[in-house]
Amino acid sequence: MDTRFPFTSYPRGWFQVAWSDELPPGGVLPLSCFGKELVLFRTEEGVAHVLDAYCPHLGAHLGHGGKVHQGILQCPFHGWRFNGQGHCVEIPHAGRIPPGAVLGAWPVQELDGALFVHHAPEGVPPTWQVPALPEASAEGWVLFQKKQWRIRTHPQEISENIADPTHFRYVHGILSISEATFDAEGPVFRVDAKVSQPTPRGPVDGRIRSEAHGLGYWAIRFSGIADVTFISAATPVGPEHVALRHTFFIRAPSQPGASNNVGKALVAEILRQVEEDIPIWENKLYRPRPLLSAGDRSIPMLRQWSRQFLEG
Ligand code: FES
Ligand SMILES: [Fe+2]
């Protein structure tokens, strides 16, 4: 391996590549993910597709100047036209389509305002899906904020961070995390922790339930302090870089005209905590055989679970 990490830079699984509102009907976006150039487009009917970016003709990037017409993506260079499965369906002024005129097509899942692509180095189709987030469509909940960072790290580090109860006190100044339980089941990893969060009015008790579906998707639910649920989606874009996207949903106040200042303050606090993690992630090395103490039992458990996404 020629990177900082003793495993592939590009794990298997579902990874967010955009928010839905970045791609209107008929829209085209270039993507750089998994060390590859891809093109994301949406038909006029609203269906999103992801294809390999470089045209099999003379190699134009379909994400830069490609246009959608009647559900078909047209190359900006000489107008070859590709459907959502990557097949060339028309070459202007030519009768015959060469058999190799096919682009790789990537599995796409769109839910809760986000677009996910399934990455498997061997092209093996997905065996599981990302679940819909109940809060994204629940009465009384609203999409409150979205935020994106580019960080020099690996999705594995971000998952280890979420499942690492002892760092919260030292990096983030949370008074205590107690009674954390961990559970791994197929592609799902769950953490359930009680927290005590400092506030201007003194410490407040709460609970954080986090649930991963692969290394690219964590749904994190705060309750007690305020009702905030967010998606933390880490997508490997290059050999050492991750695009991290957070999408926050908060419960709107039940009284009309009231404000949800506690929920909004908690979102600001979570964003502050990410900024605290970033210098650790960007500068640390990855120890395959760390020295562990009694509070660290979640780390070997998470690493055992994540091997299914990292190993061939
Ligand atoms: S390079 Fe795409 S049509 Fe020529
Ligand atoms: Fe953290």
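The values are calculated or read from the model by the stated rules, or taken from the named source; none is laboratory data. Note that the structure is a prediction, hence the values are computed from the model and not measured. When we count neighbours, we look across all protein chains shown, and the Cβ atoms used for this are built from the backbone with ideal geometry, even at glycine. Surface areas here come from the heavy atoms of the whole protein model, side chains and all, with no ligands, DNA or RNA. Shrake-Rupley method; radii C 1.70, N 1.55, O 1.52, S 1.80 Å.
The table below lists the values:
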{"quantity": "Mean accessible surface per residue for segment 1-80, computed with a 1.4 Å probe while every protein chain stays in place, in Å²", "calculated": "43 Å²"}
{"quantity": "Directionally averaged projected area (convex hull, Cα atoms, segment 108-183), nm²", "calculated": "8.2 nm²"}
{"quantity": "Overall dimensions of segment 265-312 as given by Cα atoms, namely Rg and Dmax in Å", "calculated": "14.3, 43"}
{"quantity": "Whole-Å semi-axes of segment 138-310's equivalent ellipsoid (Cα gyration tensor)", "calculated": "27, 18, 16"}
{"quantity": "Rg over Rh [alpha-carbon atoms, Kirkwood Rh] for segment 97-227", "calculated": "1.06"}
{"quantity": "Translational D in µm²/s for the chain (Stokes-Einstein at 25 °C, 0.890 mPa s, Kirkwood Rh from C-alpha pairs)", "calculated": "116 µm²/s"}
{"quantity": "Dipole of segment 78-150, positive direction: furthest Cα of LEU111, VAL89, PRO131, with charges on the beta-carbon", "calculated": "VAL89"}
{"quantity": "Acute angle (nearest 10 degrees) that the helix 261-283 long axis makes with the longest principal axis of the chain, alpha-carbon atoms", "calculated": "70 degrees"}
{"quantity": "Helix-derived mean residue ellipticity, 222 nm - over the chain, DSSP H n ≥ 4, -39500 (n - 2.57), to 500", "calculated": "-5000 deg cm²/dmol"}
{"quantity": "Angle between the chain longest axis and helix 298-310 axis [Cα atoms, degrees, rounded to 10]", "calculated": "10 degrees"}
{"quantity": "Area projected by the alpha carbon convex hull of segment 1-120, averaged over all directions, nm²", "calculated": "8.4 nm²"}
{"quantity": "In the chain, lysine pairs closer than 29 Å at Cα, eight or more apart or cross-chain", "calculated": "14"}
{"quantity": "Per-selection metrics, segment 191-257 (Cα): Rg and Dmax in Å", "calculated": "15.0, 49"}
{"quantity": "Stokes-Einstein D in µm²/s, Kirkwood radius over Cα pairs - segment 244-288 at 25 °C with 0.890 mPa s viscosity", "calculated": "188 µm²/s"}
{"quantity": "Accessible-area composition of the chain, carbon plus sulfur, in percent [1.4 Å probe]", "calculated": "54 percent"}
{"quantity": "Computed magnitude of the charge dipole of the chain (debye, nearest 20; Cβ of K, R +1, Cβ of D, E -1)", "calculated": "380 debye"}
{"quantity": "Rg ratio (alpha-carbon, reference 2.2 N^0.38 Å) - segment 215-254", "calculated": "1.48"}
{"quantity": "Relative contact order (%) - criterion: Cα under 8 Å, at least six apart; region: the chain", "calculated": "19 percent"}
